[in-house]
Structure formats: structure tokens, C-alpha cells
């Protein structure tokens, strides 16, 4: 039998059904792989905050990925991808620049990189980085622009905080050393002024010159205290505090400070945690922020003080830089004023930076607030938008067994509370400081009306310690009469730089009320105040 090459053998019959099934299976595998790849791409876009877009230059057709809609704060199911939709979200300050770039792009000039800000429908501001390139499809010679739009807000915040921390570290070293040396010089100046005062006639022009020099030195002491607050080296006396009790007591004084320009409102959580902080610095912080808020309301408005619990998780703490995760109480002061630009926010906490007129501010208020927050183990943030207002928030750590001292901390004010009324800011600062060093709780009022507002409130007052002659509004005796009417039995102590004969001639003497004469030293004041409060206890 003749041999036949294997290649000549007839092919076996083909199983077309099996091949068709295999083709279907292969197609399903490809489709599933494609879906998995698309799913991974969507996830990667979401994690990296990257949206994709594609624009056909000839037809004007524009396509956005779902993540791009989300970055803009929009819904891919209901919103339309268009240049108008994008421009509606661009920040007002960036709109002209972005619009010009888009016009150049439509004219055929491609600018590969662009950074700007958007405002989401909820008012949140985000920083955007846009990158793209043009591709020409040879078939129809049409041009397609493909690119990415990335939310880089977190990166921008880190960069800003890093620069701010570098500035703070440099200024910390400078201010701390300057304040230390300055305090030594002030001690010598004030001490010699006290000695010099004993050597001159008590009714001559030289005494007035000494008083003027002392006021300047006291103003310098106030400046060094603010510098130390910024560099987180000021002396603090932290205690356990409940802000839901402290804030309402502060409202009358704050309202008096902002006058009728603004209405002070509060919004306080019913379940507020206690904090471990210095009460006097909390009071000063609220006062600084309230006055700043008032200045941002040229046409009046409202100032809202908000206190609420806040939990900072590990991710948020990492984004904030140098912030510990944990439980905080967020104390915010919010206004509906002119707002601040991004540049102003970045410079706001730099010492001596101010937008106020010369003589209207030192530029140390916000730097002191931020320094106090950090020295207390917390941090502070500014959230602002031009034309819509500003919120400054302090995050103070929740009081725990770990941050409380070994002894039982006070949950309320010190044992004795003094309302100090003095129109000269330098003198008021020094007297308040001395009283606090003696262990008293001090409520400060810069004039008679502010004192009246405190007296009409609910905060405990054991002693009214007031200057007599105050040129604007109520004088000391008038404040005392209001105090006795509102609080029968209130203890009174006056101070004055004028002598008794002048006060009698001007009708500013209140019979039976002791007077401590300026200038007095700490020991003299301590004995007088202690005697008044002891008399109160014995009665």
C-alpha cells in the first residue's frame, strides 16, 4: 500500500460550537478585565483626587470623568460638562486669569499647566492644578485636548503650614530673646522710676514726667508679654475650665468692647468637654478676636462665639502638620464681614503684620492667639473668604487625667473675684497682672459702661476696684452707685492719681469708700485688697 504523507491526510471535522464558545469566553474575559481596569482607574482617580477631561476643538464636545465632577462639588448624573459649568465654579479672584487662558486655548495656543481655585456649591474653596496636551487625529485632522484636573488643596495647605512654621521658628528665637532682655531693661527702668519718685515734690511737673515714663515702660511690658505669647514662652496658669459656663459670663464685656457696631451671639454645645487652659488667656483671646471681628464689620453685623467638641483623627492630624490626633474643644469666633484673601491669611499670624492704620493696632493679636493655642497643647486655624466673613478657631485639648495637675484643679473661678475698672490700658494691664499674681480672679473693664455691663451680668464679683476720674462716660463713684444698686453689699475700693483735695473740689469723692493713691506698689495694694475682702468675710 502506498504511503501517504501526513500532510495529505484529510483534516478531522471542526467543532464549530466549541470554537464559538471559546470565542465568547475569551470576549467575556477581555470585557471583565476591561471593567476591572476601569474600576481600578476610577479608584486611583478618587484616591489621588484626579479628574480626566477630553475636549474636541472642532466640535466643542467636552467629556469629564465622574471624579472631575466630584472635585468641583457637582453631580455627574445631573450637571453638564461645559466650560460655563467650570467657570461658574472658579474663584472670583481667579476667574479673569482662567478665562483668558481658556480663550487662548480656543485660539489654538496650548498652555500646559494652570493652577487656580474653585468654590464648591457649599462654599468650600479648593486648589486645582490642571495639566493637558493636544493630540491631532490624522483621519479628520481634528484636535483633541486631553488632560487632568487634580485637587491639590492638601498639598497647598502643607506647603503653607511648612512656610509658616519656618517663619515662626525664626521669629520664636528672636522674640523670646528680645523679650527676655527687654524685660530686664524694663525692670531697671521701673525700679529707678519708683526710687526717683520718692526724691521729687509730689505736686510738681517732674512727677508728671515720671508718670509718663512709667506709662511708656508699662506699655513696653505689655508688648513683651505679647511677644512671649507668640513664641509660646509666656507664663500660663492652666486649670480645668468649662467653657459653657465661662463664655456666657464673658458676653457682656465683649458686647461692651464691640459697642453697638455688632451683636455678640453664642452657640454652645450642651455636651461640651472641659479643657485645661489659662482662664485669663481665654478671656484675652475672646476679646482680641471679638475686636478683630468688629473691625471687619464696617457696616455692622453679628459676631458669633461657637464652642463645640471636635475629634481630630490620624489622617486629619497628618494633613494639619504638627498636630496631635485626639479630642479637642473648638472655640470659634465668626463674623460676616469683609473676609481675608489667601495672602492675608498666610501673613495674619506674623508678629507686627497688620492691615490697620498706624496707631490702631500692633499686629500682635492673632500671633498671640495662635501662640497661646500651641502653648496649651492645641492649635488654631483661620477660615475666611473675601466678602463672606472670617472664622478663627482655637482647638484646645480635652481635659483628661493625664493633663490635669497632681492636685485637684479648679472647675470654676478663683475664690475671690475682682472687677477692675481703669481707662488707662497700661495701668489696667499692670494692676490686673499684679492681682492675678496674688491669686485673684480679675475681670477687666476699660470704662464705666463696660463695668456696668459686667455688673448687670451673672458673674460673681466680690470687690469693685475702680479708678475715680475717667474722662469718658461714668466715673468711679457713679459705677460704684450702680454696683451697690445691682449688688447690695458689694465691697468698694477706689484708686486715683489725683489727690483728695482735687477730687473733693470736683465732686468725685464717695464717703466711706477707701482710696489707694497712685502710684502704689504691689505690697500696698495687696494689703488694701486683702483687708477689704477679709472685712467682707467677717461681715
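Every number in this text was worked out from the coordinates using simple rules, so none of it is lab data. Fair warning: this is a prediction, and the values are worked out from it, not measured in the lab. Here Cβ is always computed from backbone atoms with ideal geometry, including for glycine, and neighbour counts include all displayed protein chains.
Enter the mean projected area of the convex hull around the alpha-carbon atoms of segment 237-404, in nm², rounded to one decimal. Show your work: numbers first, answer last.
Values: hull surface 39.4 nm².
One quarter of the hull surface, i.e. the mean projection, equals 9.8 nm².
Sort 72, 463 by Cβ crowding within 10 Å, fewest neighbours at the top.
Numbers: 72 25, 463 20.
In increasing order of surrounding Cβ atoms, one gets 463, 72.
Got a sec? How would 64, 273 order by Cβ neighbour count within 10 Å, fewest to most? Don't skip to the end; give the middle numbers.
On the way: 64 23, 273 20.
Listing 64, 273 from fewest to most nearby Cβ atoms yields 273, 64.
By the gyration tensor of its Cα atoms, with a ≥ b ≥ c the square roots of the eigenvalues, what is the shape of segment 413-539: rounded for a/c under 1.5, prolate for a/b over b/c, or oblate?
Values: a/c = 1.30, a/b = 1.16, b/c = 1.13.
Note, shape of segment 413-539 comes out rounded.
Taking the beta-carbon count within 10 Å as an exposure proxy, list 400, 285, 271, 391 from fewest neighbours to most.
Numbers: 400 12, 285 26, 271 7, 391 17.
Least crowded to most crowded, the residues run 271, 400, 391, 285.
From the square roots a ≥ b ≥ c of the eigenvalues of the alpha-carbon gyration tensor of segment 272-347, which class results: rounded (a/c under 1.5), prolate (a/b over b/c), or oblate?
Working: a/c = 2.22, a/b = 1.42, b/c = 1.57.
Here segment 272-347 falls in the oblate category.
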